[in-house]
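What follows is one structure encoded as structure tokens, with my remarks underneath.
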Amino acid sequence: MRETITRDELAGDAEAATFTASGALLGARRALPLAITGLADGLVFGVLARQAGMSLGEALLMSGAVNTGTAQFVALGLWVAPLPVVALAATTLVVGARHLLMGATLAAHLGRLSPLRRYGSAFFLTDETWALALRERALGTLDGAFIMGGGLALFASWVVSTAGGYLAGASLRDPARWGLDFVFPALVVALLAGMWRGRATLAPWGVAAAVALAAAVLLPGKWYILLGGIAGAVVGALRDAD
Amino acid sequence: MRTDATLAILAMALVTYGTRAGGFWLMRGLPPSRRLAAALRHMPGALLVAIVAPLALASGMAGIVALAGAALIAIRTGRVLPALVAGVALVALLRAILH
């Protein structure tokens, strides 16, 4: 009983014991703008993978099995024979460690699913699907299949555009010119606008921003997300306790 | 496909999946303490701020103005899609003007 109460507290307003096709479809619909604009990222990755000397099969295996933007772009910088396998794995860990925290914030919801559905969904837990799932949770409409549905749409976009970029090969127009690199930052800001609670959020967010900005300058990779997130959450928890 | 490339890609895939499943796994079944529950409640906002703050700073004046515009639209409309459109349109416009 106690466990249920605590989990509901954590989960906010919604429960997600269900795992429905309509939940997956909603996820895909919500992810659609990101999947379409994300085609540009995959095209660029495909082009660069070819330049780095990968075969088409290797580029597709990487996009299909790793399924992450940043770590793959970083890996291209290390993709020189003989391949530094340990360094590649370690860099991927640094870049991806933030997902541990993202998973933890949604665990109360997905913990109610069967292990197969939960750990199947985990493959599709990206910055994008996590951010979209947060919003559904706030609306009280987060279905257990939402992440998998949204993740599949983004996965398809990523893999197909990787192949397209690899085969097209020629240099592409800069996606930044069209502002397409700003879809995700704009999504993050829009989500934050809905989460703002005045003074209660001012201190944790201020600390998160300050720590992230400092860490972005001082540390490699994406450590800044992890450190900023932890610092902000700790400050928030300490303030709540007072 | 070369063996070392396949090996490197599979190592990257394994590590990435580990970070994605690890959060669920660590939190499985255990009722978090009050303090941890409070921290996890604040975690989404803090993570989102940490993602966007360095990005905004690095994107210069065009990026900061575009993100402020996106935030304003999100507050006024309460919807995400108009904010995305505004952010992208604003940054493309400002980049074209400023460069």
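The 3J(HN,Hα) values that the Karplus relation (6.51, -1.76, 1.60; θ = phi - 60°) gives for segment A:138-145 are, in residue order, 5, 7, x, 10, 7, 8, x, 8 Hz. Gly and Pro appear as x. As I understand it, the value is the acute angle between the Cα axis of helix A:69-78 and the longest principal axis of the Cα atoms of chain A; what does it come to in degrees, rounded to 10? It works out to around 40 degrees. Each listed q (0.12, 0.14, 0.15, 0.20 Å⁻¹) maps to a log10 I(q)/I(0) for segment B:34-98, found by the Debye formula over equal Cα scatterers with no solvent: -0.39, -0.50, -0.55, -0.82.
Return the calculated 222 nm mean residue ellipticity for chain A, to the nearest 500 deg cm²/dmol, obtained by summing -39500 (n - 2.57) across DSSP H runs with n ≥ 4 and dividing by the residue count.
-24500 deg cm²/dmol
Computed from backbone phi, the HN-Hα couplings of segment A:31-43 come to 7, 4, x, 6, 5, 6, 5, x, 3, 4, 5, x, 4 Hz, rounded to whole numbers (Karplus: 6.51 cos²θ - 1.76 cosθ + 1.60, θ = phi - 60°; Gly and Pro given as x). Normalised by 2.2 N^0.38 Å, where N is the number of residues, the alpha-carbon radius of gyration of segment A:2-181 equals 1.12. With the Kirkwood sum run over all distinct C-alpha pairs, the protein assembly as shown has a hydrodynamic radius of 20.4 Å. Divide the volume of the convex hull around the Cα atoms of segment A:121-242 by the residue count and you get 155 Å³ per residue. Note on segment A:196-242: Rg/Rh from C-alpha atoms, Kirkwood Rh, equals 1.04. Label sites at A:Leu202 and A:Leu238, each approximated as a point 7 angstrom past Cα along Cα to Cβ, lie 1.8 nm apart.
Using only atoms on other chains, find how many Cβ atoms lie within 10 Å of each Cβ of peptide A:52-62 and report the average. Walk me through the intermediate numbers first.
On the way: counts 0, 1, 4, 3, 1, 4, 6, 2, 2, 6, 7.
Per residue, the number of nearby Cβ atoms from other chains is 3 on average.
Residues in segment A:107-122 carry Karplus couplings, in order, of 4, 4, 6, 7, x, 7, 7, 5, x, 4, 5, 5, 7, x, 4, 4 Hz; the curve used is 6.51 cos²θ - 1.76 cosθ + 1.60 with θ = phi - 60°, and Gly or Pro positions show x.
Peptide A:195-203 shows a mean partner chain C-beta count of 2 within 10 Å per residue C-beta. In this rough spin-label picture, where each label sits 7 Å from Cα along the Cβ direction, the B:Val85-A:Val217 distance is 3.9 nm. Taken residue by residue and averaged, Cβ atoms of other chains lying within 10 Å of the Cβ of A:224-232 number 6. Given a Förster radius of 25 Å and the C-beta distance between A:Leu25 and A:Met195 as r, what FRET efficiency does 1/(1 + (r/R0)^6) yield to the nearest 0.05? Efficiency, rounded to the nearest 0.05: 0.45.
Each reported figure results from applying straightforward, stated rules to the coordinates on display, with no laboratory input. Predicted, not measured: the structure shown is a model, and the values here were computed from it. Cβ sites come from the backbone with ideal geometry, for glycine too, and all protein chains shown count toward neighbours.
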